[in-house]
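Quick notes on the structure that follows.
The values are calculated or read from the model by the stated rules, or taken from the named source; none is laboratory data. Remember, predicted model here, so these are calculated numbers, not experimental data. Note: ideal-geometry Cβ built from the backbone for every residue, glycine included; neighbour counts use all protein chains shown. Remember, those area values only see protein heavy atoms, side chains included, never the ligands or the DNA or RNA. Shrake-Rupley method; radii C 1.70, N 1.55, O 1.52, S 1.80 Å.
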Amino acid sequence: MKSKSTYVVVALVLTVLYVGDEQRWFRQMGASAQGPAPYLECEKLAARADPGARACYQRLSTSRDPWAKAEGLWGLGDGNGASLAFAEAVAANPKDPARHVRWAYLFLSTDQNNDAKEDMEAALKINPDYAPAMLGLAKVLSESYDGKAMEWAEKAAKADAKLYQAHELMAYMHLEDNNPEKAVASAKEALQINPEALQALAILAAMDQMDDKPGTEWLDRIFKANPKYGEAYETMGHFFVQNRRYDEGIALLRKAIELKPNLWSARAELGIQLMRFGKEAEAHQQLESVFNDGPKPSRVSVRNSLKLLDTLVKFQTFETATTVLKFDKKEAALLEPYYKAELDRAIATYEKKYKHKIQGPIQVEAYPDHADFEVRTLGIPGVGGILGVTFGHYVAMDSPNGRPPGEFHWAATLWHELSHVYVLDMTQSRTPRWFTEGVAVYEETAIAPDWGDRMTPREVAAIRDKKLLPIAELDRGYIHPSYPEQVVVSYYQGGRVITYIVEKWGYDAVLGMIEGFKNRKDTATVIKDVLKVTPEEFDAQFFPWLEAQTKKTVDGFERWTKLLKDANEAGKAKDWDKVIALGTEALDLYPDFVETGSAYTMLIKAYTEKADKPNMIQTLEAYAAHGGREPAPLKQLADMQTEAGNKKAAAAALEKLNLIFLKDEAAHQKLGSLHMELGNPQGAAREFGAALASGTIDLAGTHYNLALAYRATKQNEKALEHVYQSLEAAPSFKPGLKLLLELTGQ
Amino acid sequence: MRKLLLLAAVAAISAQATSFYLTVAGLGGEPEYDQRFTGWASDLNKALAGEAGAKVELLSGKDATKANIQAKLSAIAAQAKADDTLMVLFIGHGSYDDIDYKLNIPGQDISASELNDALNKIAARQTVVLTTSGSGGAIKKLQKDKRVIISATKSGSERNATVFARFWVEAFRDGSADTDKNQTLTALEAYKYAKLKTKDYFDTQKRLATEHPLLEDTGKGEGEADPSAGNGQGLLAGRFPVLHLGSASAIASTPAKQALLKRKDDLETSIDELKYRKAATDQPTYNKQMQGLLLELAKVQASLDQ
C-alpha cells in the first residue's frame, strides 16, 4: 500500500485496510453478558443458530422493560428501534453502566464508533472499575487501531480475573501485530479461564492454518462446543485477509456463512473481498443480501460498496494478455496511454529484477473520486491518506485527477503497488508488512531518484528522538502505531532498511529474503539466514548508517527551522539578498524538504525579483531533482529552459510533470510542440492526444498538430483524419487547409 | 452563421469602425486583490496594444470612481457610432442586494442601473463583461437588444471572489482561444475560453465551484452557461469581435479575388449547414460530404493565396 506521507491520519487507514472492518468478532458478541436475564437465553440460542432464537428475541421485543425490549429489537435486526429502547433504558436507570455498555455495542455494530466510545466512557464515569466497560473501550479503540486498546484490555483483565474475553481481544491484537508468541500466550490465558473461549480457539486455529497446519485440534473443540460457530471461520478469514492471503481468506468466509447463513458481518466481508477481486456480480449478490435481509441500518461499508458497484459500470476497460486497465470513462482516453506505458515498463523491469513472471494479467484501477477509491479498498470513505492498494494481482489507486495537482506522484504509486504484486506473489503472501512495504518504497527511488517520498520533518524528529523500531518489531509500527505518525515513519524506515541491505549485501540479498519469507521464516530467522547477522546486530549496524546519512539535517533541524522563518520574514520585507543567504543555508541543511513553504520556493521568488535567471533555473532544477512535485515550479522550469533554448531540458521537466499530474492541457500542448521540435513526433502525438483528452478548447489547433505529428511518423491516414477534424472545427484555418492539400496530394 | 461571421469580419475592417474598450479595476479590499485586479487590467491593455484603431481606456485604483467611469462612458457616447464596438470590462468585487448590483469602487459604488443609463447613451454595439462576485445579479438591469452581457456568476448570491477575470484576460493572450482560427477573437470565443478555464481551475484544485459564468445577448433571457443555437443565446456574441489577431481580411480588399471569396463564403456556409444537419445525417454520408467540401475549400483558399 502506498500512503500519502503528509497525512497524519494515515495511521488509522493503513491498518484498517489489512484487517478489514466488517468481521471483528466482538461486534456480535454479548461480550460481557451484562444484559437482562431473558436476553442471555436468546443470545445462547442465537450463538448456536438455533431457530428458536428469533422467537426468543420477538418475546423480548414486546417486553415492558425497555432494556429487554432493546435487546429483543437488536436481536431482530431493528437497530433504530433498539437504539430508541436503549435510550429509554438508560433514562430509566442512568447509573447502570451495563446499559451504556450494551448500547455502545449496538453503536459499534453500525460503525458509529464515536458514539460507542462515548457510551463506554460514560459507563466508566459511573464506575471507573467496571471491567466490561474497560473491555468495551478496548474493543472500540482497537477498531481504530489505537495503541491504547491494548492498555485497556490489560486493565479489564486485571479488573476481572474471569474476563476471558479480554485475553481473547489481546490475542487478536497481538496476532494483528504479527506477534504470534504473545497471541498464543493470551489465547491460552483465555482458555485457562474458560476452556470454551471460542475466539481464543479460533485464533489458535487461524495461526495453525496460516502455518499450513490443519488446526484440527482447535476446530474440533470449537465445533464440539458450538457446531454452528461460523464466527470461527470469520476470524480465521480475517487473519488470512490481513496477511494478504486473499483466496484462502475468501474461502474461509464462505465456510463461515455456509455454517451460519445469518452471520451478516461475514457475508458483508465476503462481498467486499469479492468486489476487490473484480467478482462484481457475486459481490453485489452478497452485499445486497446483507442490505436486504441483515440488521438495519446496514453497515456503512455495505451501503457504500453497493453504491460503488453501480459506479463501476461507468468504467472503461483496456485489456492485453498481461494487463487490465480500468478507468472512469471521463478520463480513460487521457490516462490510458500513460498508465499503459508505465505498467509495461514496470512489469518488464520487475520481471528482470525479481526473476519472476506473474501468471495471468495484472489489473490496475484508477479512481478519480477518492471516496470511491476508499470504498473500494476500505469500505468507508472519509478517512483519507491512502493512495494505492494491492490485493493479489489487483491494484486500486487514486487517479492523478483524484487529488489536487502535486499531492502525489501517480507513477511512483503505481510502481510501489506493482512491487507488492511481485513480492506477494513470490512469497505467496507470506511476508511481514515491513518487508513488502520497505521493498516497495525502495523501488520508487530505485527507478528514479527524484520519485520516492522524501524525509519529512516527521522522520527527522523520529530519528532525532530515537523513535525508530528495531527490525524485529518494525511490523508493529504499521499495524498498531504507538504515536500518530508511526505508520508513515515506519514506511520511511522500511525503505531505508532495504536501501541499506541493497547497499551492503546487494540486491540478491533481497531476493534471498523473499525466498526466506516464502518458506515461512520469520524476520529474525530471515535476517540471520540471509544477512548472517542477528536482528540486534543488524540494528546496531543500520541505525549508525542511517544517522550518519541524516546527521546534517537532524543536527541542523532547529537551525533550519529558524532559517526558514527568518527567510520568510526577509521575503515580507523584500530583502531578497537576505532571503538568498538564508534560503541557501537552509537548502544546504535540508535539501529534501520540498513541501509548501520550502527554501526552494523562497529562493525562486528572490531570484525572480532579482531577475537572476541562471540561479532561478538552477534552483528549479534542484527542486525537481529532490522530488519537488508542485506543477507550477516544474512548468516554470520548462518555460525558462525553453526560453534559454534548452528544449530537451524543457521537455524533461514537462515529462516529469506528466508522472505527477495529467490533466493539464496547456502543458501537454507545450510538450507536444517541444517533442515536434526535438524530432520526436511519437511523443508529440501522445501529448497532443492528451491535450484533446484534457478537453482543450482549441480543437482545430490541436487536431492540426496531431495531424502534423502523424504525418511525421508516416501515418498519413491518421494525419488526414485529424486534419479533417481540425477543419470541421475551423473551416477557415489556413494551415489546416494547406496541410489537407498536401496530404491528399493536391 | 457563416454569413454572419463574414459580416462581422467585414465590419471589423471597415475604415470607419472603431473599437472602444473601457476596463475598470475596482477595489480589492486587500493588497493581494488590489494587485491582482490591476494586474489583470494591465495585462488586457497590453494585449489590446496592437489592436488597430482601438481606443483603450483603463480606470484602476483611486481613479476608478463612479464619476470617472461615467465621464469615460459619456466621452465614448460622444464619439461612438452604430458600427463601432465597445467592450466594457469590470474587474473586482461586486455585491447584490436583491434589488441592484454594485461594483465596489473608491467612494460611492456604481450600480448596474447607473451603468445601464450610461451605456444606453452609447450608439455602438456593446459587450459588457462583469467579472466580479455577485455579477449574475446585474443581468436583468443591463440586458438590452444588441448588447452582450457576460457575468462571472450565475446570480447575485455567488459572493466569493472570482477568477473568471483572469481567464477572460488570458483569452486575449492565448491564440488558442480563437477556436475557429479566423484570426478574430469574438466575445463568444473569449467567454467559452474563460468559462472552460474557470471550470478547470476549480476541478483541478478539487474545490467546489463558487462561480458559474453566464452569457446573455438576446436582451430578454436569464443568461445561459452554454450559449448555443438550441437556447438562442450566443448569436450576437459570436459576431462581436473583441480582438483581431492578424490581417486575415486583407484579401477581401482585392477586387480580382471577389469571385473566389464568394465561392469560399458559399463553401463555408455549406459546411456550417452540414454541421447543423450532423445529428440527422448518417456518419459515412456526413464524412463524405464534409471531406468533399473541405477539400474544395482548401483548393479555393490555395487559389486565393496565390
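Hey, A:Asn615 hits all of (1) open to solvent by 70 Å² or more (accessible area, probe 1.4 Å); (2) more than 34 Å from the chain's Cα centre (by Cα); (3) among the polar types (S, T, N, Q) but one; which does it fall short on?
With (1) open to solvent by 70 Å² or more (accessible area, probe 1.4 Å); (2) more than 34 Å from the chain's Cα centre (by Cα); (3) among the polar types (S, T, N, Q) applied to A:Asn615, the lone miss is (1).
Taking interchain pairs and intrachain pairs at least six residues apart, which have beta carbon atoms under 8 angstrom, with the first residue in segment A:182-200 and of a type in the set (Ser, Thr, Tyr) and the second part of a helix (DSSP H, G or I) and surrounded by 24 or more Cβ atoms within 10 Å (Cβ to Cβ)?
A:Ser186/A:His167; A:Ser186/A:Glu168; A:Ser186/A:Met170; A:Ser186/A:Ala171; A:Ser186/A:Ala200
Inspect segment A:140-147 for any residue being touching a Gly at 6+ places or on another chain (Cβ under 9 Å), open to solvent by less than 50 Å² (accessible area, probe 1.4 Å) and closer than 30 Å to A:Ser482 by Cβ and give the result as yes or no.
Yes.
For segment A:713-727, what are the residues that are more than 11 Å from B:Asp180 (Cβ to Cβ) and within 7 Å of chain B (Cβ to nearest Cβ)?
A:Tyr724
Spot the failing condition for B:Ala138; the list is (1) surrounded by fewer than 24 Cβ atoms within 10 Å (Cβ to Cβ); (2) hydrophobic (A, V, I, L, M, F, W, C); (3) more than 14 Å from every other protein chain (Cβ to nearest Cβ), and only one is missed.
That leaves (1) as the condition not met.
Which of (1) in contact (Cβ under 8 Å) with a residue 24 or more places away in the chain; (2) surrounded by 20 or more Cβ atoms within 10 Å (Cβ to Cβ); (3) in a helix (DSSP H, G or I) is the odd one out, the single condition A:Leu706 does not satisfy?
(1)
Read through the list (1) more than 19 Å from A:Ala47 (Cβ to Cβ); (2) touching an Asp or Glu at 6+ places or on another chain (Cβ under 9 Å); (3) open to solvent by less than 10 Å² (accessible area, probe 1.4 Å), then give the number of the only condition that A:Leu263 fails.
The failed condition is (1).
Is it the case that segment A:674-682 has a residue that's open to solvent by less than 50 Å² (accessible area, probe 1.4 Å), under 32 Å from the mean Cα position of the chain (by Cα) and either within 14 Å of chain B (Cβ to nearest Cβ) or not hydrophobic (A, V, I, L, M, F, W, C) (or both)?
No, segment A:674-682 has no match at all.
Being buried (at least 17 other Cβ atoms within 10 Å of the Cβ), under 24 Å from the mean Cα position of the chain (by Cα), closer than 15 Å to A:Ala396 by Cα and not aromatic (Phe, Trp, Tyr) narrows it down to one residue among A:Ser305, A:Ser301; which is it? Write out each step before concluding.
Numbers: A:Ser301 fails: closer than 15 Å to A:Ala396 by Cα.
Sole residue among the options that is buried (at least 17 other Cβ atoms within 10 Å of the Cβ), under 24 Å from the mean Cα position of the chain (by Cα), closer than 15 Å to A:Ala396 by Cα and not aromatic (Phe, Trp, Tyr): A:Ser305.
State yes or no: is B:Thr204 more than 14 Å from chain A (Cβ to nearest Cβ) and not small (Gly, Ala, Ser)?
No: the conditions fail for B:Thr204.
When both residues are 6+ apart or on different chains and their Cβ atoms are under 7 Å apart, which pairs have a first residue that lies in segment B:238-253 and is within 12 Å of chain A (Cβ to nearest Cβ), and a second that is open to solvent by 60 Å² or more (accessible area, probe 1.4 Å) and at pLDDT below 85?
B:Ser249/B:Ile13
Looking only at segment A:686-700, which residues are open to solvent by 10 Å² or more (accessible area, probe 1.4 Å) and part of a helix (DSSP H, G or I)?
Listed by number, the residues that qualify are A:Arg686, A:Gly689, A:Leu692, A:Ala693, A:Leu699.
Within segment A:728-737, take every residue that is assigned to a helix (DSSP H, G or I) and within 7 Å of chain B (Cβ to nearest Cβ) and give me the one that is least open to solvent (accessible area, probe 1.4 Å).
The selected residue is A:Leu737.
Based on what the data block shows, is A:Gly516 assigned by TED's automatic domain parsing to the domain that holds A:Leu474, open to solvent by less than 40 Å² (accessible area, probe 1.4 Å) and either of a type in the set (D, E, K, R) or in a helix (DSSP H, G or I) (or both)? If you could, list the steps in order and put the result at the bottom.
On the way: assigned by TED's automatic domain parsing to the domain that holds A:Leu474: yes; open to solvent by less than 40 Å² (accessible area, probe 1.4 Å): yes; either of a type in the set (D, E, K, R) or in a helix (DSSP H, G or I) (or both): yes.
Criteria met by A:Gly516.
Within segment A:437-454, restricting attention to residues that are surrounded by fewer than 21 Cβ atoms within 10 Å (Cβ to Cβ) and over 19 Å from A:Lys353 (Cα atoms), which residue is modelled with the highest pLDDT?
A:Asp450
Would you please name the residue that is surrounded by the fewest Cβ atoms within 10 Å (Cβ to Cβ), looking only at residues in segment B:179-201 that are more than 8 Å from chain A (Cβ to nearest Cβ) and not in a helix (DSSP H, G or I)?
B:Gln183
Given the residues A:Ala122, A:Ala89, which is the only one that is among the small types (Gly, Ala, Ser), out of contact with any Phe, Trp or Tyr (no Cβ under 7 Å at 6 or more places or on another chain) and not assigned by TED's automatic domain parsing to the domain that holds A:Phe291?
Being among the small types (Gly, Ala, Ser), out of contact with any Phe, Trp or Tyr (no Cβ under 7 Å at 6 or more places or on another chain) and not assigned by TED's automatic domain parsing to the domain that holds A:Phe291 holds for just one of A:Ala122, A:Ala89, which is A:Ala122.
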